[in-house]
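Data first, discussion second: the structure below is written as structure tokens.
The values are calculated or read from the model by the stated rules, or taken from the named source; none is laboratory data. What you see is a predicted model, and the numbers here were worked out from it, not measured in a lab. Here Cβ is always computed from backbone atoms with ideal geometry, including for glycine, and neighbour counts include all displayed protein chains.
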Ligand code: ATP
């Protein structure tokens, strides 16, 4: 069961070119993770410590996991992913043991990128109620921090975490030597949405008439993940019509099929 909780990918296939609309974030992640792995001597010569951990925060489906995978791809590193929710265990000491296993696994696969998604599951501000469950979660977080404190001996292992709940995080994990590089990954703006639509239609047969700029305007509030679903849905409409070419009308039909949150305009689901 322990091995199942961790997802290990030798060299993920995601590339920076697959990520749209967050060029600045790509640059920051490369600087914080790639440069120290590729040129450790540069940091030595300048006389500074590279960031210990990178924390990506922002709404769901904006490319945080993609960013972490793309760095692993670029640095030929093994990508080891674990969800914070998986680290919340029933039995005393079990969460901490998983954290130890995670870093042991990373050390065996150097160079490696450890990616902890939903870090808020183990690193939220202490709640008022001091139940035994809270104490166990606390222990798991302490284990993570202690693994990070011992980082210098660890060699070529980088750690990236992600959260949609930055406001909930315990300040203890953000101190220097811990997650000391924060990168916000926002929802894409119109230009970003245009780029993401281009990326997700690269392999599709599109009619010449399809105008990404117009579609980008019509998809305010969409995340990258939602734009990807929109493209797939448009393709489904073309298939339903017995066509192999996807037209503007298919995108319009897909857009109509989306149920949106009335207040924010954010897509809720396709129905
Ligand atoms: P979560 O917080 O829910 O884990 P996330 O920010 O990690 O979300 P990803 O898993 O990276 O989001 O994105 C999910 C999918 O959405 C990707 O596999 C990709 O197809 C698409 N996607 C999201 N953001 C982008 C982007 N900026 N450019 C291109 N595709 C994107």
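Output yes when any residue across the range 23-35 is more than 10 Å from the ligand (Cβ to nearest atom), without any contact (Cβ under 8 Å) to a residue 12 or more places away in the chain and closer than 19 Å to residue 113 by Cβ, and no when none is.
Yes.
Return the residue satisfying two criteria in turn: it lies in the range 42-79 and is without any contact (Cβ under 8 Å) to a residue 12 or more places away in the chain, part of a helix (DSSP H, G or I) and farther than 16 Å from residue 111 by Cβ, and of such residues it is farthest from the ligand (Cβ to nearest atom).
45
Return the residues of the range 7-22 that are closer than 18 Å to residue 81 by Cβ and within 16 Å of the ligand (Cβ to nearest atom); say none if nothing qualifies.
Hits for the range 7-22 are 7, 9, 12, 13, 14, 15, 18, 19.
Can you find even one residue in the range 87-108 that is touching a residue at least 24 places away in the same chain (Cβ under 8 Å), within 16 Å of the ligand (Cβ to nearest atom) and either more than 14 Å from residue 144 (Cβ to Cβ) or not in a helix (DSSP H, G or I) (or both)?
The answer is no; no qualifying residue exists.
Name the pairs whose Cβ atoms lie under 6 Å apart, with the first residue in the range 117-141 and over 17 Å from residue 172 (Cα atoms), the second modelled with pLDDT of 90 or more and within 16 Å of the ligand (Cβ to nearest atom), and 6 or more positions between them or separate chains?
Short answer, once both residue conditions are applied: 117/83; 117/162.
Looking at (1) surrounded by fewer than 21 Cβ atoms within 10 Å (Cβ to Cβ); (2) within 16 Å of the ligand (Cβ to nearest atom), which is the only condition residue 39 fails?
(2)
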